[in-house]
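Enquirer: Structure provided below as structure tokens; questions to follow.
The values are calculated or read from the model by the stated rules, or taken from the named source; none is laboratory data. Because the structure is a prediction, the values reported are computed rather than measured. For neighbour counting, all protein chains shown are included, and Cβ atoms are generated from backbone atoms with ideal geometry for every residue, glycine included.
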Amino acid sequence: MLKALFLDLDETLCDTLGANERAKQLMAQDIEEQYGVNLNGLVFADEYVAGIYREWNDDQRERYMPIIEQKSEKAFRLQLIHDLLAERAVDNISNETAQAFQDKFDSDRLKAFDFYPGIAAFLAEARKLFTLVVITNGPEFSQVPKVERVNLAEHVDHIIIGGQEPEEKPAPSIFNKALKLANCQAHEVVHVGDSLASDIAGAHNSGITSVWIQHQQPLDAELGINPHHTVFHPSEIPALIHRLHHD
């Protein structure tokens, strides 16, 4: 019997990609207004978002991980802006200027951040039947404002933020914490998420039935991760959960 739903946040309940795209467009405009269109603000914004998602090469990892570990996520993001501008021959900007770019990106992204259509209503109905636990990876710096933006605590029973835990998905420890919070066993849970490596592998490592939100991602056969169920878009989650509950 299905007793709990474990749910990812970004690209599962909320349209993070859409919010990122809106914030990138505005950052690109700001950069070009201040430093000229030859700088190519959209490429700058793309590289900034890739950086904050830690899509680094080896040199960047060696540079930025110590900043995160010894200082903070905020300090890393400021340094990232300094570095991206320096690569474009914009040197010696103040920390205040870098902070202003960062703050505006964060503000613009949060303004655009929201549930996918129909998800809030789905959560309200699902909560009558199941314990709802959101498990989201990512640093506290970025995830807490997102959680607060959509008043997530009003929609679900428990929220686990990976950046506040010893380990993030796919580690079994974070799923074990969710199982304890939901007071249920692995076979009584379905976990829904969009990342094969984090959500689906993590669910499988803990003996939990998985639902993969494919979006437009290919199923990477080399990963060897095969979800138990697949939907193409979050709008399909309610029907699948209804079917699983009544099977």
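Enquirer: Do you know which residues across the stretch 129-141 are more than 25 Å from Leu244 (Cα to Cα) and either buried (at least 20 other Cβ atoms within 10 Å of the Cβ) or aliphatic (A, V, I, L, M) (or both)?
Expert: Keep residues of the stretch 129-141 that are more than 25 Å from Leu244 (Cα to Cα), which gives 137-141.
Passing the criteria: Asn137, Gly138, Pro139.
Enquirer: Condition first: assigned to a helix (DSSP H, G or I) and within 16 Å of the chain's Cα centre (by Cα). Now tell me which residues in the stretch 151-168 satisfy that.
Expert: Of all residues in the stretch 151-168, those assigned to a helix (DSSP H, G or I) come to 152-154, 162-164.
Across the stretch 151-168, the qualifying residues are Leu152, Gly162, Gly163, Gln164.
Enquirer: Here is a follow-up. Any residue in the stretch 161-173 that's among the hydroxyl-bearing types (Ser, Thr, Tyr): show its pairings with residues that are modelled with pLDDT of 95 or more at Cβ separation under 8 Å, as long as the two are six or more apart or on different chains.
Expert: Ser173/Glu165; Ser173/Pro166; Ser173/Glu167
Enquirer: Still on this model: Could you count how many residues in the stretch 169-187 are more than 16 Å from the chain's Cα centre (by Cα) and outside any loop (DSSP other than H, G, I, E, B)?
Expert: Qualifying residue count, the stretch 169-187: 12.
Enquirer: Please enumerate the residues belonging to the stretch 124-160 that are in contact with a Gly (Cβ under 7 Å, 6 or more places away or on another chain) and not acidic (Asp, Glu).
Expert: Of all residues in the stretch 124-160, those in contact with a Gly (Cβ under 7 Å, 6 or more places away or on another chain) come to 136-140, 143.
Hits for the stretch 124-160 are Thr136, Asn137, Gly138, Pro139, Gln143.
Enquirer: For the stretch 69-82, does any single residue satisfy the condition of being part of a loop (DSSP other than H, G, I, E, B) and touching a Cys at 6+ places or on another chain (Cβ under 8 Å)?
Expert: Looking for residues that are part of a loop (DSSP other than H, G, I, E, B) and touching a Cys at 6+ places or on another chain (Cβ under 8 Å), one finds none in the stretch 69-82, hence no.
Enquirer: Still on this structure, please answer the following. From the list Glu55, Glu62, exactly one residue is assigned by TED's automatic domain parsing to the domain that holds Ala98, without any contact (Cβ under 8 Å) to a residue 60 or more places away in the chain, exposed (fewer than 12 other Cβ atoms within 10 Å of the Cβ) and part of a loop (DSSP other than H, G, I, E, B). Which is it? So that I can check it myself, show each step before the final result.
Expert: On the way: Glu62 fails: part of a loop (DSSP other than H, G, I, E, B).
Being assigned by TED's automatic domain parsing to the domain that holds Ala98, without any contact (Cβ under 8 Å) to a residue 60 or more places away in the chain, exposed (fewer than 12 other Cβ atoms within 10 Å of the Cβ) and part of a loop (DSSP other than H, G, I, E, B) holds for just one of Glu55, Glu62, which is Glu55.
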